[in-house]
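One structure is given here, and the rest of the page talks about it.
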Amino acid sequence: IKRIGVLTSGGDAPGMNAAIRAVVRAGLHHKLEVFGIQNGYKGLFNNEIRPLDRYSVSDVITRGGTFLGSARFPEFKEESVRQTAVENLKHHGIDALVVIGGDGSYMGAMSLTELGFPCIGIPCTIDNDIAGTDFTIGFDTALNVAVEAIDRLRDTCSSHNRISVVEIMGRHCGDLTSSAAVAGGAEYVIVPEVPYDQGELIGQIFEGVAKGKKHAIVAICENMCDANRLAYDIQAATGRDTRATILGHIQRGGTPTAVDRIIASRMGARAVELLLEGYGGRCVGLQSNAIVHHDIIDCIKHLKRPFNEELYQLSNVLF
Ligand code: F6P
């Protein structure tokens, strides 16, 4: 191969820029030409493709977001849309593609590979919900944001003897919530992987208040319930002032941590090597601190990323 493309797709995550930089610099190191596709699969369909050189990625390693832009583009499920995408890539003489993103991005990479266009996926989402890797790029930065938020909430909660409900992103994966709960010392953790009963939770909080607990933090993964409603119900049952804080997209922005920059750099460089080794339809991952690669179909369909039960239980032990 002589020319590769790189795109970022789906929800952005801190460290995406570091991953693009790694693909560009590793590609150039291996004497490849590198093209950037703007705005994910949408830009690929619209032919928003331009050459990148080493200076295109100067100073991006510290920046959150993605300078290539990203988009959610469900239309990419249509075969004719994907055909146009492949034609656009071929028109630019591009032989292979690196896709940086989450599970939706992997689906796109898989279907392009099935059309005969080799793609390598790099797991990049704050949710840490991708199989075949212990950590996705962006998770560590988002985790640090969530922990800082919990620390701040603790200060104000303890000053006012309040209960705080903090909603953390993750879509349907509780990793960000249970990790932030342990690191932030939250008393109650609610994640999608463990059955949740609001009555039981409120009962436990009530008991804590009755025993003289001055304040409490409830860490809850998004999409489980209405956090404001939960805060209202807790307040009604316990008689203790309760506030909800929805961290939302704040968790997606900001300077990536060193950990995210390092895994992005390692994965980006390895993705290019895999293309040079003739692979397509694979995705890189970090397992036991080694960079590995798996069949992208296995990661989407067959490899179930194990829920970290031990981490979840730790919150109960340390409560
Ligand atoms: O996948 C990353 C993520 O931030 C999830 O945690 C969240 O559910 C979703 O994206 C939000 O998507 P959007 O930015 O499209 O509202």
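The values are calculated or read from the model by the stated rules, or taken from the named source; none is laboratory data. Predicted model only: the values in this text are computed from it and were never measured. Glycine gets a Cβ as well: all are built from the backbone with ideal geometry, and neighbour counts include every protein chain shown. When the accessible area is computed, the model is the full protein with side chains, heavy atoms only, and any ligands, DNA or RNA have been set aside. Shrake-Rupley method; radii C 1.70, N 1.55, O 1.52, S 1.80 Å.
Structural remarks
- Taking Cα centre as origin and charging only the Cβ of basic (Lys, Arg, +1) and acidic (Asp, Glu, -1) residues, the dipole magnitude of the chain rounds to 780 debye.
- Ranked order, 224, 169, 107, 16 - accessible area, probe 1.4 Å, largest first: 107, 224, 169, 16
- The chain - percent of accessible surface contributed by carbon and sulfur, probe 1.4 Å: 50 percent
- Nearest-ten-degree value, helix 139-160 long axis tilted from longest Cα axis of the chain: 20 degrees
- Charge dipole (the stretch 149-273, unit charges on Cβ, about Cα centre) - positive-most of 194, 238, 161: 161
- In this Cβ point-charge picture (+1 for Lys and Arg, -1 for Asp and Glu), the stretch 105-258 has a dipole of about 600 debye about its Cα centre.
- In the stretch 196-257, one over the average inverse separation of all distinct C-alpha pairs is 13.1 Å, which is the Kirkwood hydrodynamic radius.
- Separation in nanometres of the label points that stand 7 Å from Cα toward Cβ, at residue 59 and residue 301: 4.7 nm
- Options 100, 8, 18, ranked by Cα towards positive dipole end of the stretch 1-116, top entry (Cβ charges): 18
- Difference of contour (0.36 nm per residue) and Cα-Cα distance, residue 228 to residue 46: 61.4 nm
- Taking amide H atoms as placed 1.01 Å from N in the peptide plane, the amide H of residue 246 lies under 5 Å from those of 167, each 5 or more residues away in sequence or on another chain.
- For the stretch 30-45, the Karplus equation 6.51 cos²θ - 1.76 cosθ + 1.60, evaluated at θ = phi - 60°, returns couplings of 8, 6, 9, 8, 10, 10, x, 9, 6, 6, x, 5, 5, x, 5, 5 Hz by residue, with Gly and Pro reported as x.
- Excluding ligands, DNA and RNA, the accessible surface per residue across the chain is 43 Å² with a 1.4 Å probe.
- Cleavage-rule hits, GluC sites (Glu not before Pro), the stretch 53-137, DSSP coil, Cβ neighbours within 10 Å at most 12: 78
- Backbone amide hydrogens, once placed in the peptide plane, bring residue 291 within less than 5 Å of nothing, excluding anything fewer than 5 places away on its chain.
- Evaluated with a Cβ-only charge set (Lys, Arg +1; Asp, Glu -1), the stretch 1-147 carries a dipole of roughly 540 debye about its Cα centre, given to the nearest 20.
- Modelled spin labels at residue 311 and residue 156, positioned 7 Å past Cα toward Cβ, are 2.7 nm from each other.
- Descending principal axes extents, the chain, alpha-carbon based, whole Å: 69, 36, 34
- Here the Karplus relation 6.51 cos²θ - 1.76 cosθ + 1.60, evaluated at θ = phi - 60°, turns the backbone of the stretch 211-224 into coupling constants of 7, x, 4, 7, 8, 7, 10, 10, 9, 10, 6, 4, 6, 9 Hz, with x for every Gly and Pro.
- Euclidean distance of C-alpha centroids, the stretch 148-194 and the stretch 240-300, integer Å: 23 Å
- Dividing the helix sum by the residues of the chain, where each DSSP H run of 4 or more adds -39500 (n - 2.57), gives a mean residue ellipticity at 222 nm of -13000 deg cm²/dmol.
- Remark: the stretch 114-124, residue by residue, has Karplus-estimated 3J(HN,Hα) of 5, 7, x, 10, x, 10, 10, x, 10, x, 9 Hz, where x stands for each Gly or Pro and the curve is 6.51 cos²θ - 1.76 cosθ + 1.60 at θ = phi - 60°.
- Rounded to two decimals, the Cα radius of gyration of the stretch 75-148 over 2.2 N^0.38 Å is 1.32.
- When the trypsin sites (Lys or Arg not before Pro) in the stretch 220-311 are filtered for DSSP coil states and for at most 13 other beta-carbon atoms within 10 Å of their beta-carbon, the remaining sites are 304.
- Exceeding the 18 Å Cα-Cα cut-off - candidates 90/301; 42/90; 42/77; 2/42; 2/77: 90/301; 2/42; 2/77
- Between residue 70 and 39, the built amide H atoms are under 5 Å apart, and every one of these is 5 or more places off in sequence or on another chain.
- Theoretical gain in end-to-end length, residue 262 to residue 84 [0.36 nm per residue, Cα-Cα removed]: 60.6 nm
- The chain: antiparallel DSSP beta bridges as a percent of all, rounded to 5: 25 percent
- Size descriptors for the stretch 1-157, from the alpha-carbon set: Rg then Dmax equal 16.4, 59 Å.
- Contact order, relative form, for the chain: 24 percent (alpha carbon pairs under 8 Å, 6 or more residues apart, mean separation divided by residue count).
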